[in-house]
Structure formats: C-alpha cells, structure tokens
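As structure tokens, the structure follows; a few thoughts come after it.
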Amino acid sequence: MQHLWLIPALPLAGFLVNGIFGRRVSKGVINLVAIGSVALSFVWVLKTLAALGPLETPHVERYFTWIESGILSVPVEFAVDRLTAVMLLVVTGVGLLIHIYSIGYMGHEGGYHRFFAFMNLFMFFMLTLVLANNYLLMFVGWEGVGLSSYLLIGFYFLRKSATTAANKAFIVNRIGDFGFSLAMFLMVVRLGGLDFPRVFSAAQAMPRETDPGLLTLIALLLFVGATGKSAQIPLYVWLPDAMEGPTPVSALIHAATMVTAGVYMIARSAPLYQQAPIAMDVVAVVGLATAFVAATIGLTQFDIKKVFAYSTVSQLGYMMLAVGVGAYAGGIFHLVTHAFFKALLFLGAGSVIHALAGEQDLRKMGGLRRKIPVTFATLVCAGVAIAGIPPFSGFFSKDEILLAAHHHAPWLYWVGVLTAAMTAFYVFRAIFLAFFGDYQGEHHPHESPPSMLGPLVVLAAFSLAGGFLPVSRFLEPLFPAGEAHHDPALVVVSVIAGLLGLGLAWYLYVARRGLADRIAARLGALYQVVYNKYFVDELYNAAIVQPVVKGSEALLWRRMDAGVIDGAVNGIASRARAIGAVLRLMQSGNIRSYAAWVLMGSVVALIALGFSGGAR
C-alpha cells in the first residue's frame, strides 16, 4: 500500500484550510499552505514512483465500494501505471512552479486566499482524474476541473467580461460532458461496467469494427467529451475567452494540465479506440483541422494572451492528431513538452503584463528586451521549443507526431508541416512585437520579482532539454506496437518549415517593420475574416444562443411560467381573495351584525331540521 489517496488529498487540505481560514491569516501563511500542500504532493509522487519501480504492471489501491446496483459495481479505486506516472509528474511538477510564480503575480490582487484555495481545489480534481481506475471516478475529476476552471476564469467577478467567459466555458463544456455521460451509459449496458480493465477486455473481445458499431459510437461519444475539455472543433470557442482569468490560471489550467485531459482520456482508452478505427480517423481529422484553423487565427491576434491561447488550441490539435493516428506515446510526449514550453509562454506573457501594469496589446509594447532581459530570454527558449527547432523539446515530440501522421496518410503530414510553420511565425511575431523595435507604451517597464523569474528559468531549462526525456520509450509497453517511422527527409522538411516561419516573422516585424500592416491592408476582407476568428462566435450566437434565449423567453417564460404556472397560482389566489372578501363581512366587530348572522344561522338550521323531519 503506497497510500495513493494522499497525492490528491494534500491539495484538498490546502483548499479547505485557505478557503476556511484564509481571510484571518497573513499571505505568508496562505503561501505556506497552498504551495506546501502541492510541494508535499509532488514529493509523495516521487516517493511513490520510486517505491513502485519500473511499473511493469499497474499498482491498484481499492478503498471502498461507491455504487453497487445490479450488474454495476463502482469502487473508489486509484491506480498507477506508466501513463499515470507521467501525468502525475507533469501535474504536480508544473503545478508547483506555477503556484510559486503566483506569489509575485497575484501579490497585489484582492481575493488572494480565494485564488490559492481555488488553485488547490483544481489540483485535487486533476489528480483525481489522473489516478482514477474507472470512468465514473475519472468523470468526477473531469467535472471538478471544469468547476475549478469556471471559478478561476471568473476570478475577477466584478468584470462583466470575466463572468461571461466563465459562463461560456461552463456551458460549452457541459455539451461535451453530455457525450461523455452517454458513453458511460452505453458501457454499463453493453460492456458490463465502468472500470478500465472490464471495459477494455470486453472491447478487445469484440471484433474490430470496419463499419460503425457500438464501439465506434462509444469512442465518438467519449471524443465529444474530449472536444469540450481539450478545445477541439466545434467546442474550442471557450478557451480563448478563458484568458480573462489571471495569467497563472491560463498557464496551469488552460495550457499545461486541464485542457490536456481529453488527450489523456483518449490515450487511456487506447484499447477501446484500437477496436474502432473509424473513430480514430475522426479524432485525427478533427485534431488536424483544429490545429490548422487555430494557427491561422493566431497569425492575426494582438492580445499576447490570445495569441498563446490559440497556440494552445493548435497544439492540442496536434496531440489529437497523434492519438488519432495511433501514436499514443508521441501524443503524450508532446503533452509533456507542451506543458513546459506553453506554461513558459503564458508565464512569460504574465511577466510582460506585470512589467507593463496590465497591458496586453502587443501594439503598445516594443523594445522590452533591454528592460526585462530575463523574461525575454526565457520566452525565446519557449519560442524555439514550440517552433520545433532542433535540438529543443518541441522538435522531438512534434516530429514524432508528423512522422506517424505521414505513415497514416501523407496529406496529414503536409497540413501538419504548414501548421508548424504558422506556429513558428505567430509565436515569434509576438516575441518580436513585444521585445524589438521602439517602445510604444506609456508605463515604465520593470523586471518581475524572483518568485516569478525562478519558475521561468526552470521551465526554460525543461523547454530546451525536455526533448531528451525518454517519455515515448517509457510509455511504449502500454500501447499497441506500431511500425517505426524514421525518414530524415521528412524531419528536414518540418525543421525547414519552422525556420521559414521564424525567418518570415523576423523579416516582417524586425527587418521591415510596418510591411505586415500593408500586407494585411491588401488582403482586405480575407484578413478581416481571420482577424475576427472566422466569425464563429457570431455564428453560434445567431444560430444557437439567440434562438435559445428568445425561444425560452417566448415559450418557457411568457407562456409556461407567466401564463400557465403563474396563471394557475394567481388564479387560486384570486379565488381565495374573493371568498375571503365575503367571509370578512362576518368578522366586522359589530354586535348587531353578529346577532343578525346568529339569527340567520338559526333560521337556516330550523329549516334544515324541518326538511329533515319531513323526509322521515
């Protein structure tokens, strides 16, 4: 027994302590509780993995039976295998760095204890999701990270934009989660349960589906859940708006951990997806389409956090492409390297925003490399990593995905290469706009405090060297063996694409600054369509949101609520009032009136008795 429950329980304790007592204690105590609980969780992960050794078989701990009904038995059960081990290290390790960074970034914000309580709550649910050994317990963590995301996106609840973004994220994710729920119902009815071993053994006992069938339907419904959580087409629209939350939230939840939950869930469900190749093709195509579309939008944005938000959507598409073509280990490898360089991009953006007193518009920056040199250097490290420049981390994981995609279907590779070129372009476009040229802002930039710079430096080191971590080799025993794909020519092409994107960004935003604006003006309507994110939000608003709102107002409110429900209640009240008005006359307080009522009652009683006697 390794007491796996302690891994999520420690952040949960931090949430309870800061949530209950945070108002009454100092920031130092809040920091000690919030960061100490995550640090202890990270240490317990290291201790547990060291004790379990190479994890040739999963280590399972069963605590109690949660649900027992008919054929359904759902225990509270945690398990650790190689995939879980990787995810635990990413969640607790990167989470710890971002918690430390938050000390400096959130130091002057109101609701300090509330922020750290919510961050700890997120860690609890994310670790529960990762450790769960059945789909229902995973779903508890899945919904919990959604709740935490809602709370943290809307952290600045006095801002209308923040509460709107939080509601949008919550509602869009409920759509995806409905698909996940339906998949679980089907598993219970047709596969006999929800625990991973039972579901996977039942699926593998069935023939591989060349035509759509039960397994394809379950896999696609699970993918609906993943499209919500991991921001894939058509449910990606919530993630860019989620940047309304504090920047550490963007780094932890909306870049490094929660948004990768969909990728993790599909990789965890690999035995099921292997039996449903049609579903895998859908995952690959949707992932690649998401990567491409989000990358094009990232080319035109000027909010530094929005640029990196669309970059996150695009990179999540890459991960989906990987698991869709069966490169599960490669997809998780990219999840790991992405956690390093994308957390660094967001935290670096936060350092820039901190230096400029909240300014996020790239057009009001410029020339910052001399004013905040450490932030500049670390962001360059993240940039070369995500651009896939060898020998930095993104090069290894991205090319593993592209080679697998080429083996599956060459056109997937070429679209992926074009997306990689755009990725390099828009990331370095943001870096060149912020750090080169003349300063365009009104504030006096200053470098961030050590509590913020320390995590940046650590993440920069992992962004540069993380590609040498043997993640894929470590995970290979878990997943179906695939053919080796090693083609130096294809690797060279993808590297050249990244370098071309970087070089073009330098040419347009450093060497010929201003040329990009003239090109945008010449593109006219096409540029405006991409700049306005293909008007997808407007389309959803016109086709879905407004009809639902107006239909609800006309039918549910005015007819059902006001007409039927209120009408029935108000009608009863009117009748009662009318009867009461008559009865009130009997309680006038006038003795003569009472005598008259007594006389009238006596007459009525005598008449009644007379009729009664006559009848006998």
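The values are calculated or read from the model by the stated rules, or taken from the named source; none is laboratory data. Worth saying up front: this structure is predicted, and the values here are computed from it rather than measured. Backbone-built Cβ (ideal geometry, glycine too); neighbour counts: all protein chains shown. Protein only, heavy atoms only, side chains kept; ligands, DNA and RNA dropped before computing areas. Shrake-Rupley method; radii C 1.70, N 1.55, O 1.52, S 1.80 Å.
Go through His113, Leu46, Leu129 and say which Cα lies farthest out towards the positive end of the charge dipole of segment 1-138; charges sit on Cβ, +1 for Lys and Arg, -1 for Asp and Glu. The listed residue farthest towards the positive side: His113. Checking every one of the trypsin sites (Lys or Arg not before Pro) in segment 504-584 against DSSP loop status and a limit of 15 other Cβ atoms within 10 Å picks out Arg512.
Within the set of other residues whose C-beta is less than 15 Å from the C-beta of Thr65, count the net charge using Lys and Arg as +1 and Asp and Glu as -1. It works out to a net charge of -2.
Segment Glu538..Phe157, full-extension length gain: 134.8 nm, with 0.36 nm per residue of separation and the alpha-carbon distance subtracted. Each of the GluC sites (Glu not before Pro) that DSSP puts in a loop and that has at most 10 other Cβ atoms within 10 Å breaks the chain; the longest unbroken stretch is 57-441.
Computed from point charges on the beta carbon alone (+1 for Lys and Arg, -1 for Asp and Glu), the dipole magnitude for segment 358-455 about its Cα centre is near 140 Debye. Cross-link check: pairs Lys160/Lys306; Lys168/Lys306; Lys27/Lys306 evaluated at a Cα-Cα cut-off of 24 Å; pairs beyond the cut-off: Lys27/Lys306.
Between the listed residues Met184, Thr260, Ser311, the Cα displaced farthest toward the positive end of the dipole of segment 182-316, a dipole computed from Cβ unit charges relative to the Cα centre, is found at Met184. Relative to the Cα centre, the charge distribution of segment 416-554, modelled as +1 at Lys and Arg Cβ and -1 at Asp and Glu Cβ, gives a dipole magnitude of about 360 debye.
The phi-based Karplus calculation (6.51 cos²θ - 1.76 cosθ + 1.60; θ = phi - 60°) puts the 3J(HN,Hα) values of segment 464-469 at 7, 10, x, x, 8, 5 Hz, whole numbers, x for Gly and Pro.
Only alpha carbons enter this Debye calculation for segment 6-102, each as an equal point scatterer, and the log10 of I(q)/I(0) it gives at q = 0.15, 0.19, 0.24, 0.26 Å⁻¹ is -0.73, -0.95, -1.17, -1.27. Charge dipole (Cα centre; +1 on Lys/Arg Cβ, -1 on Asp/Glu Cβ; no other charges) of the chain amounts to roughly 1880 debye.
Given a Förster radius of 41 Å and the C-beta distance between Leu500 and Ala357 as r, what FRET efficiency does 1/(1 + (r/R0)^6) yield to the nearest 0.05? So, using R0 = 41 Å, E works out to roughly 0.70.
Expressed as a whole percent, the proportion of Cα-Cα pairs in segment 197-303 lying more than 18 Å apart is 54%. Straight-line cross-link partners of Lys398 among the aspartates and glutamates, defined as a Cα under 18 Å from its Cα and at least 8 positions apart when in the same chain: Glu476, Glu483, Asp487.
Count Lys and Arg as plus one, Asp and Glu as minus one, and take only other residues whose Cβ is under 12 Å from that of Phe435; the net charge is then +3. Simple spin-label estimate for Arg522 and Asn590 gives 9.8 nm between the two label positions (7 Å along the Cα-to-Cβ direction from each Cα).
Whole-Hz Karplus values for segment 380-386 come out as 5, 4, 5, x, 5, 6, 6 Hz, taken residue by residue from phi with 6.51 cos²θ - 1.76 cosθ + 1.60 and θ = phi - 60°; glycine and proline positions read x. Here r is the Cβ-Cβ distance between Glu442 and Leu556 and R0 is 51 Å; the resulting FRET efficiency, rounded to 0.05, is 0.55. Rolling a 1.4 angstrom probe over the protein heavy atoms with all chains in place gives the chain an accessible area of 42 Å² per residue. Per-residue Karplus couplings for segment 111-124, computed as 6.51 cos²θ - 1.76 cosθ + 1.60 with θ equal to phi - 60°, are listed in order as x, 4, 5, 5, 4, 5, 5, 5, 5, 5, 4, 4, 4, 4 Hz, Gly and Pro entered as x. As a fraction of the 1.4 Å probe accessible area of the chain, surface on carbon and sulfur atoms comes out at 68 percent. Each of the peptides 427-433, 264-270 was scored by the mean count of other Cβ atoms within 10 Å over its residues; in descending order, highest first, they stand as 427-433, 264-270. The calculated 222 nm mean residue ellipticity attributable to helices in the chain amounts to -22500 deg cm²/dmol, summing -39500 (n - 2.57) over DSSP H runs of n ≥ 4 and dividing by all residues. What FRET efficiency do you get for Arg24 and Ala377 if R0 is 51 Å and r is their Cβ-Cβ distance, rounded to the nearest 0.05? Once the sixth-power term is evaluated, E becomes 0.80.
Computed from the alpha carbon atoms alone, the convex hull of the chain holds 253 Å³ per residue.
Put simply, the convex hull of the Cα atoms in segment 18-63 casts, on average, a shadow of 4.7 nm². Along the charge dipole of segment 428-529, which of Leu490, Leu464, Pro450 sits closest to the positive end, that is, farthest toward it, with unit charges on the beta carbon of Lys, Arg, Asp and Glu (+1, +1, -1, -1)? The one lying farthest along the dipole's positive direction is Leu490. Amide H to amide H distances under 5 Å link Ser73 with Leu194, where only residues 5 or more positions off or on other chains count and H is placed in the peptide plane.
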